[in-house]
Structures are given as structure tokens and as C-alpha cells.
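Single-structure report; data block below.
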Amino acid sequence: MLTVNAYAAPSATEPLGPTTIQRRDLGPHDVLIDIAYAGICHSDIHTVRGHWGPITYPQVVGHEIVGFVREIGSEVTKHTVGDRVGVGCESNSCGHCEQCRKGEEVYCLNTAVQTYAAEDYDGTITQGGYSQAIVVNENFVLRVPESLPLEKVAPLLCAGITLYSPLKHWNAGPGTKVAVVGMGGLGHVGVKLAHALGAEVTVLSQSLSKEEDGKRFGADHYYATSDPETFEKLAGEFDLVLNTVSAKLDIARYVNLLAVDGTLVLLGAPSENISLPAMPLIGGRRSISGSANGGIPITQKMLDFCAEHDVLPETELIDADQINEAYERVLSSDVRYRFVIDAKSFA
Ligand code: NAP
Ligand code: ZN
């Protein structure tokens, strides 16, 4: 076992603080990664604060992980010592169900093991990326293209793939109109990706305060959802609406923004249930769907796409002792646009 420094939540109500955790001995297919940077996702906050139900404490979160391979197990073939690599939201799955065989590990029909706060197949509770090092099966380790600067790239491992996957699934590209609701960590990468794919992109944010940024990221249009006229003006407009908002929204208002055959995809994951009137869906043959981050093959494609099209998250680098303050800023939508922890500060 390897003992490493980390930052953990001791309970749902206390601040995160320094601790040490154990990483398992390398199995034949395991890779030991020295973590360089870890992004802060709103899901980390939902998890440690118990928004999605009880978890086991102390808990280390973080599923936007990049670093360098320090050591490989005896049968590892996909990665070698010194490689620049990343780990995202899942770190294991059954490997043999229909979804795993298709490379859709995130939808594993048995258990897609989350990188943190989940029971792994060996019975241990997974501990995430707010730490110095991690041990992960080689199949869940991504290659980070050389041209992507490591200190910026971590948020692609969750925010990036969570937007890239639905954009590809619903064929966003030239001639399609995409709306991104909420321009935080997920949303701002979504704007950049949708633009790079050639779609016409609209941001729907609470206010116009980030309009200049949104346009710089590639948005063609930018509207405030606090203005009721926005919903009248944009009725029936979009082929795809990607909701990245972390809080409960009146989803019915966004269904009305869909064109005939349009799809509203739920990405933001507040704990509250949503309610929907049937007629706006029926009347426009509109769909509503959810989407989870993405399988390993498409995550690799997303990283390669970002390298090719120069898509990079906007990040603010912090030290471990600033994590709690960063959480408060994320909760008040004061994030520009993703906090990334410098893992040197865990030392
Ligand atoms: P984030 O950085 O906090 O961004 C969320 C954005 O939502 C905010 O920046 C804000 O954008 C908007 N917002 C926040 N509160 C709002 C409210 N009360 N009403 C209207 N808009 C509000 O969070 P994130 O890291 O992007 O994550 C967003 C959500 O996606 C979280 O629930 C997270 O758990 C979930 N998530 C899901 C997946 C998946 O696989 N589906 C993956 C990762 C994360 P504006 O200021 O522009 O309005
Ligand atoms: Zn995430």
C-alpha cells in the first residue's frame, strides 16, 4: 500500500481538510499516477454535502485528474512510465456487459464505479483526485495529447466529456442550433465545443454579466433567463438544449424553446424531481433526455478533438487550502470558469 496526502471531507457539514489515504498495491493491470492537477466539479460539492444521499466519510473527491504515470503493473500495455495521462468520472466497470463491450462503460449494466465515493469491485470505497497519487486500472486511464497544457486540461475529464458526448450523440454541427443553459464549469466548455463542432450556439445564463466571455468562447447569441422576454423570443428555436444548471429549474419553460423534434438534455443534477406538462412534448414531438459523462473511447476522442481544435477550459489555479473557499464561490456562481487544484500543494 502507498500512503499519500489528500484533502478529505470529514462530514457533510464540515470543511474539507488535509489527511492521508492508502492507495492499493499495483495489480497486473494497474497504473500508479502522480497527480499534477485536479479540477473542482460541482458534483464534488453535491457528493460531500450529501445532496445525492448519504456517503461514507472521510471522503476524498475529484474526478478531473491529470498527471504522469509513475509505475505500471506487470501486464499493462496501454501506458508507460512518464506518460501524460488523465482519469475522469469512472475508474472501473464490469468489463463484459453489452455497454462495456461497446465502450460505454459509464452505462455499465452492472456497476460503473465512480472515481470517488463508490464501492469498487474489491469492496473498497473509491477516493478521488484531491490527492498526490492514484491507482487506476489501465483501461480507465486516458492519454493527454502533448499539445494540451497540463494545468488547463483537467476539467476536460468531466466537464469536457459531459458536454462533448451529448453534442455528438445528437449530431450538433453546421446547421444545428444549440442552447447551453448555465455558463459555469460544464457550460463554458460546452460553448467552446459546440462552436468548434460548427453549431450555432446560444447561451442562456441567469444574467448578461458574462456575455462578453460567452461570445469570446464562441457563442453566437447570449440571453438572460431572468428576462421573461427571452422565453417568448426563443420559443421553438433549438434543435438541442443542454441544461448544465446545478439547481432546480422550471424545465417546462425550456421544453418550449425546442424546435419540432428537438431534444432537451439534462446534464445538471440537482437532487429535486422535475415535473413536466405532456402537451409541449406531444405537440412538437420533442424529447427530454439525460446524459452521463461518457465512455472511455469517446473521452479519448474528445481529448484528441480538443487538441486538434484548440479547445481549453478557462481555469483558476488554486492550492489545496483554498478548496473550501472555491466551493463557496462555485455555489454562488462566482466561478470563472473552473477551479483547478495544483497537486503540489498536497505535499
Ligand atoms: P457550476 O460550475 O456551478 O455551473 C453551474 C451553472 O448553473 C452556474 O455557473 C450558473 O450559470 C447556473 N446556475 C447555478 N445556480 C442556478 C440557479 N439557481 N438558477 C439558474 N441557474 C443557476 O457547476 P458544474 O460543475 O458546471 O456542474 C453543473 C451541474 O452538472 C451540477 O449539478 C453537476 O453535479 C452536474 N454534472 C453532471 C454530469 C453528468 O454526467 N451529467 C457531470 C458533471 C457535472 P449562470 O451564472 O451562467 O446562470
Ligand atoms: Zn464532474
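The values are calculated or read from the model by the stated rules, or taken from the named source; none is laboratory data. Fair warning: this is a prediction, and the values are worked out from it, not measured in the lab. Please note: Cβ atoms are built from the backbone with ideal geometry, for glycine as well, and neighbour counts cover all protein chains shown. Side chains are part of the model used for accessible areas, which takes the heavy atoms of the whole protein and leaves out ligands, DNA and RNA. Shrake-Rupley method; radii C 1.70, N 1.55, O 1.52, S 1.80 Å.
Taking ASP239 as the residue in question, decide whether it is part of a helix (DSSP H, G or I), in contact (Cβ under 8 Å) with a residue 60 or more places away in the chain and of a type in the set (D, E, K, R). Outline the logic, then answer.
Details: part of a helix (DSSP H, G or I): no; in contact (Cβ under 8 Å) with a residue 60 or more places away in the chain: yes; of a type in the set (D, E, K, R): yes.
For ASP239, the condition - part of a helix (DSSP H, G or I), in contact (Cβ under 8 Å) with a residue 60 or more places away in the chain and of a type in the set (D, E, K, R) - is not met.
I'd like the residue in segment 212-222 that is open to solvent by 20 Å² or more (accessible area, probe 1.4 Å) and in contact (Cβ under 8 Å) with a residue 12 or more places away in the chain and, out of all such residues, is nearest to ligand 2 (Cβ to nearest atom). Show your work before the answer.
Initial filter on segment 212-222 (open to solvent by 20 Å² or more (accessible area, probe 1.4 Å)): 212-213, 215-216, 220-221.
Within this subset, residues satisfying the condition of being in contact (Cβ under 8 Å) with a residue 12 or more places away in the chain are 213, 220-221.
Numbers: ASP213: 21, ASP220: 27, HIS221: 27 Å.
Looking at the filtered set, the residue picked out is ASP213.
What helices (runs of 4 or more DSSP H), lying completely within segment 274-347, carry at least 3 residues that are within 16 Å of ligand 2 (Cβ to nearest atom)?
Filter on segment 274-347 gives 296-309, 323-331.
Is there a residue being charged (D, E, K, R), touching a Phe, Trp or Tyr at 6+ places or on another chain (Cβ under 8 Å) and away from ligand 2 (no atom under 16 Å from the Cβ) anywhere in segment 157-171? Full working, then the answer.
First, the residues of segment 157-171 that are charged (D, E, K, R): 168.
Imposing the further condition that a residue be touching a Phe, Trp or Tyr at 6+ places or on another chain (Cβ under 8 Å) reduces the set to none.
Scanning segment 157-171 turns up no residue that is charged (D, E, K, R), touching a Phe, Trp or Tyr at 6+ places or on another chain (Cβ under 8 Å) and away from ligand 2 (no atom under 16 Å from the Cβ).
So which of ALA269, ALA259 is within 14 Å of ligand 1 (Cβ to nearest atom), out of contact with any Pro (no Cβ under 7 Å at 6 or more places or on another chain), in the same structural domain as VAL189 (by TED's automatic domain parsing) and not basic (Lys, Arg)?
On the way: ALA259 fails: within 14 Å of ligand 1 (Cβ to nearest atom).
The conditions single out ALA269.
Looking at SER287, SER226, SER275, can you tell me which residue is surrounded by fewer than 19 Cβ atoms within 10 Å (Cβ to Cβ) and within 16 Å of ligand 1 (Cβ to nearest atom)? Before the answer, list the steps.
Values: SER287 fails: within 16 Å of ligand 1 (Cβ to nearest atom); SER275 fails: within 16 Å of ligand 1 (Cβ to nearest atom).
Answer to the check: SER226.
I need the full set of residues from segment 86-99 which are free of Cβ contacts under 8 Å to residues at least 60 places away in the same chain and surrounded by 24 or more Cβ atoms within 10 Å (Cβ to Cβ), in order please.
SER91, SER93
Is it the case that some residue within segment 233-243 is touching a strand residue (DSSP E or B) at 6+ places or on another chain (Cβ under 6 Å) and within 16 Å of ligand 2 (Cβ to nearest atom)?
Yes, some residue in segment 233-243 is touching a strand residue (DSSP E or B) at 6+ places or on another chain (Cβ under 6 Å) and within 16 Å of ligand 2 (Cβ to nearest atom).
In segment 178-192, how many residues are small (Gly, Ala, Ser) and farther than 9 Å from VAL203 by Cα? Working first, answer last.
Filtering segment 178-192 down to residues small (Gly, Ala, Ser) leaves 179, 182, 184-185, 187, 190.
Remaining after also requiring farther than 9 Å from VAL203 by Cα: 184-185, 190.
Going through segment 178-192 one residue at a time, the tally reaches 3.
Among the candidates LYS233, LYS248, single out the residue that is in contact (Cβ under 8 Å) with a residue 12 or more places away in the chain and open to solvent by 60 Å² or more (accessible area, probe 1.4 Å).
Details: LYS233 fails: in contact (Cβ under 8 Å) with a residue 12 or more places away in the chain.
None of the others qualify; the one that does is LYS248.
Of the residues in segment 271-305, how many are among the hydroxyl-bearing types (Ser, Thr, Tyr) and under 20 Å from CYS41 (Cβ atoms)? Break it down into steps so the answer makes sense when it comes.
Step one: of segment 271-305, the residues among the hydroxyl-bearing types (Ser, Thr, Tyr) are 271, 275, 287, 289, 291, 299.
In the following step, the residues that additionally are under 20 Å from CYS41 (Cβ atoms) were identified as 271, 291, 299.
Total meeting the criteria: 3.
Within segment 17-38, is even one residue free of Cβ contacts under 8 Å to residues at least 40 places away in the same chain, out of contact with any Leu (no Cβ under 9 Å at 6 or more places or on another chain) and open to solvent by 10 Å² or more (accessible area, probe 1.4 Å)?
Yes, some residue in segment 17-38 is free of Cβ contacts under 8 Å to residues at least 40 places away in the same chain, out of contact with any Leu (no Cβ under 9 Å at 6 or more places or on another chain) and open to solvent by 10 Å² or more (accessible area, probe 1.4 Å).
Among what's in segment 313-333 and is within 17 Å of ALA159 (Cβ to Cβ) and surrounded by fewer than 19 Cβ atoms within 10 Å (Cβ to Cβ), pick the residue that is modelled with the lowest pLDDT. Please lay out each step first, then the result.
If we filter segment 313-333 for residues that are within 17 Å of ALA159 (Cβ to Cβ), which is where we start, we get 313-318, 326-327, 329-331, 333.
Next, from what is left, pick out any that are surrounded by fewer than 19 Cβ atoms within 10 Å (Cβ to Cβ): 314, 316-318, 329, 331, 333.
Numbers: GLU314: 98, GLU316: 98, LEU317: 98, ILE318: 98, ARG329: 98, LEU331: 96, SER333: 93.
Step by step, filter segment 313-333, then rank; the result is SER333.
Restricting the search to segment 36-54, which residues are more than 9 Å from ligand 2 (Cβ to nearest atom) and either over 15 Å from LYS152 (Cβ atoms) or not assigned by TED's automatic domain parsing to the domain that holds VAL66 (or both)?
ILE45, HIS46, THR47, VAL48, ARG49, GLY50, HIS51, TRP52, GLY53, PRO54
Quick check on segment 252-271: of everything there that is open to solvent by 10 Å² or more (accessible area, probe 1.4 Å) and free of Cβ contacts under 8 Å to residues at least 60 places away in the same chain, which residue is farthest from the chain's Cα centre (by Cα)?
VAL260
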